[in-house]
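Engineer: This is the structure I have questions about; it appears just below.
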Amino acid sequence: MRILDRSVYVGPSLYAHFPVIRLELDLGDLEAWSTGRLGSGFVDALAEALPGLAEHGCSYREPGGFFRRMREDEGTWLGHVLEHVAIELQNIAGEEVTFGKTRSAGITDLRHGTITKGGHEHVALPSGMKCYALAATLGARRSLLNERLIGDGLVPLDSALGRHGKAPHTLHFPKDRQWIGYGMGHLELLNRPEVYSQLHTWMQDPG
Ligand SMILES: [Zn+2]
């Protein structure tokens, strides 16, 4: 993890009405390693090194909340851990600091994906094989707003299904080979039972 930028705001700023320190981080390879994936060895060692973290409520607003965030589901990302460590170190130094916020600096990994050398050609689906698309949307059911604007918070549904306003950019997945998972983010496509059941159905498709 690298600190790319550090600013100290001594008065009101975009981030708070009181003095704050702002760090911009590059998690590097650790982007793929949430605390859930790092496992309890990491969390236990952190708890031992900084016992005061046990008092941090984080989003649960009660002691133990931050440890709960680190341990449950996929856990939390290391920028958020750094935030709590920074707060705790200031507490140990005698400052009464409780405020902290961690925000994504935007999608970095997906920004420059190309599948051809030039990166600007339109690539159609491969011919001679069946192509399928699974897409996720956080919306609980079909609605224009959910699909157009929200998608799964990263990708609008049309884009996930290869649809584009300009015909040459569109990937033509047949209707019966498209599936939409409602109420889920795209990473959840990896472990939702209904996705596997759809894959199973498709695999039995003789056409
Ligand atoms: Zn927190």
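Read-outs throughout are calculated quantities, based only on the coordinates presented, and are distinct from any laboratory measurement. Owing to the predicted nature of the structure, the values given are computational and were not obtained by experimental measurement. Neighbour counts run over all protein chains shown; Cβ positions are idealised from the backbone, glycine included.
Engineer: Determine which aspartates and glutamates satisfy two conditions relative to residue 175: a Cα distance under 19 Å, and not lying fewer than 8 residues away in the same chain.
Structural biologist: Output for residue 175: 147, 158, 194, 205.
Engineer: Mind checking segment 67-108 for trypsin sites (Lys or Arg not before Pro) that DSSP puts in a loop (not H, G, I, E or B) and that have at most 12 other Cβ atoms within 10 Å?
Structural biologist: Answer by residue number: 101, 103.
Engineer: Mind sorting 35, 116 by how few other Cβ atoms lie within 10 Å of their own Cβ, fewest first?
Structural biologist: Exposure proxy ranking, most exposed first: 116, 35.
Engineer: Report the one residue of 155, 41, 85 whose Cα lies farthest in the direction of the positive end of the charge dipole of the chain (charges on C-beta: Lys and Arg +1, Asp and Glu -1; origin at the Cα centre).
Structural biologist: Among 155, 41, 85, the one farthest towards the positive end of the dipole of the chain is 155.
Engineer: Once you order the gyration tensor axes a ≥ b ≥ c over the Cα atoms, which shape class does segment 2-92 get: rounded for a/c under 1.5, otherwise prolate or oblate by comparing a/b with b/c?
Structural biologist: Cα axes put segment 2-92 in the oblate bin.
Engineer: Take the alpha carbon gyration tensor of segment 28-67, find the square roots of its eigenvalues, order them as a ≥ b ≥ c, and report rounded if a/c is under 1.5; if not, report prolate when a/b exceeds b/c, else oblate.
Structural biologist: oblate
Engineer: If you keep only loop residues by DSSP, which chymotrypsin sites (Phe, Trp or Tyr not before Pro) in segment 41-110 have at most 13 other Cβ atoms within 10 Å of their Cβ?
Structural biologist: Sites meeting the loop and neighbour criteria: 99.
Engineer: Then there's this: Gap in Å between the Cα centre of segment 2-50 and the Cα centre of segment 163-180?
Structural biologist: Cα centroid to Cα centroid, the span is 40 Å.
Engineer: Next question. Hand me the GluC sites (Glu not before Pro) from segment 1-88 located in a DSSP loop with no more than 12 other Cβ atoms within 10 Å, in residue order please.
Structural biologist: Taking segment 1-88 and a limit of 12 other Cβ atoms within 10 Å, the loop GluC sites (Glu not before Pro) found are 72, 74.
Engineer: Measure nothing but the geometry: give the 0 to 90° angle between the long axis through the Cα atoms of 193-203 and the longest principal axis through the Cα atoms of the chain, rounded to 10°.
Structural biologist: Long axis of 193-203 versus the principal axis of the chain: about 20 degrees.
Engineer: Next up: Quick one: what does P(r) look like for the chain with 10 Å bins over all Cα pairs, in whole %?
Structural biologist: Histogramming the chain at 10 Å steps yields 7, 23, 27, 22, 14, 6, 1 percent.
Engineer: So how tilted is helix 40-49 from the main axis of the chain? Cα-based, degrees 0 to 90, rounded to 10.
Structural biologist: Taking the Cα atoms of the chain, the angle to 40-49 is about 20 degrees.
Engineer: Taking the mean number of other Cβ atoms within 10 Å as a proxy for protection, how do you rank 124-136, 194-206 from highest to lowest?
Structural biologist: 124-136, 194-206
Engineer: Then there's this: Per the helix-only calculation at 222 nm, which mean residue ellipticity applies to the chain, given -39500 (n - 2.57) for every DSSP H run of n ≥ 4 and division by its residues, nearest 500 deg cm²/dmol?
Structural biologist: That calculation yields -7000 deg cm²/dmol at 222 nm.
Engineer: With point charges of +1 on the Cβ of Lys and Arg and -1 on the Cβ of Asp and Glu, referenced to the Cα centre of the chain, which listed residue (172, 20, 1) lies farthest in the positive direction of the dipole?
Structural biologist: It is 172.
Engineer: In degrees, nearest 10, range 0 to 90: what is the angle between the Cα axis of helix 78-92 and the longest Cα principal axis of the chain?
Structural biologist: On a 0 to 90 degree scale, this one is about 10.
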